[in-house]
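The values are calculated or read from the model by the stated rules, or taken from the named source; none is laboratory data. As the structure is a prediction and not an experimental result, all values here were calculated from the model. Quick reminder, even Gly has a Cβ in these numbers, built from the backbone with ideal geometry, and neighbours come from all protein chains shown. Quick note on the areas: whole protein, heavy atoms, side chains included, nothing else; ligands and nucleic acids left out. Shrake-Rupley method; radii C 1.70, N 1.55, O 1.52, S 1.80 Å.
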Amino acid sequence: MTKAPEPAPDLPALQRRLADFAAARDWQRFHTPKNLASALSVEAAELVEIFQWLTPEQSAAVMADPTTSERVEDEVADVLAYLLQFCLALDIDPLRALSAKIDRNELRFPARRAAPPTNKDHHSL
């Protein structure tokens with residue numbers, strides 16, 4: 001008999017787990033907005049490093065290799081963990097912030113049906 005997959009935790013639950021994890025190790029004193037933003041940048045750079053010298057085709061297939069896919073997932077988790085901790089430190093609702101940003105971008109960059117997007121169109125989501 002196969003076990004049903006567990007439902008994905010919600011963002012507030014993950015933020016609580018991260019806060020509890022840090023508190024149990026007395027790390028919250030280091031979790032200032034500046035330090036968390038720096039750590040987020042470092043982890044994002046580690047994700048970029050995986051793709052640094054890959055061709056577009058190789059980068060699209062990166063999840064096919066178990067070793068590389070595990071590294072990608074670990075770095076994605078690190079980036080998300082620091083982003084969620086950063087948002088908690090500054091009382092930012094990340095889903096509300098993203099929704100508001102998409103709303104602003106829909107106004108800034110109206111959909112065009114006639115021409116394909118250019119590199120300029122993808123600079124800031």
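Solvent exposure of the chain amounts to 80 Å² per residue of accessible area, where only protein heavy atoms count and the probe is 1.4 Å.
Estimated at 0.36 nm per residue, the fully extended path between T2 and A77 surpasses their Cα-Cα distance by 24.4 nm.
Only the Cβ atoms of Lys and Arg (+1) and of Asp and Glu (-1) were treated as charged; on that basis the dipole of the chain about its Cα centre amounts to roughly 600 debye.
As a fraction of the 1.4 Å probe accessible area of the chain, surface on carbon and sulfur atoms comes out at 60 percent. Largest accessible area first, the residues V48, V79, V62 order themselves as V48, V79, V62 under a 1.4 Å probe with ligands, DNA and RNA left out.
Once the Cα atoms are used to define both axes, helix 66-89 deviates from the longest principal axis of the chain by about 70 degrees.
For the chain, what is the mean residue ellipticity at 222 nm derived from helices alone (per DSSP H run of n ≥ 4: -39500 (n - 2.57); sum divided by total residues; nearest 500 deg cm²/dmol)?
Numbers: 5 runs with 77 residues, N = 125.
Computed ellipticity for the chain at 222 nm equals -20500 deg cm²/dmol.
The residue list V62, S38, V48 was ranked by how far each Cα lies along the charge dipole of the chain toward its positive end, using unit charges on Cβ atoms, and S38 comes out on top. Axis of helix 11-24 versus longest Cα principal axis of the chain: the two differ by about 40°, to the nearest ten degrees. Sparsely packed loop sites in the stretch 11-81 (the chymotrypsin sites (Phe, Trp or Tyr not before Pro) outside DSSP H, G, I, E and B with at most 10 other Cβ atoms within 10 Å) comprise W53.
Positive end of the dipole of the chain, charges at C-beta (+1 Lys, Arg; -1 Asp, Glu), about the Cα centre: which of A89, A13, A111 has its Cα farthest in that direction? Most positive-ward Cα: A111. For the chain, the longest principal axis of the Cα atoms and the long axis of helix 33-51 meet at an angle of about 50 degrees.
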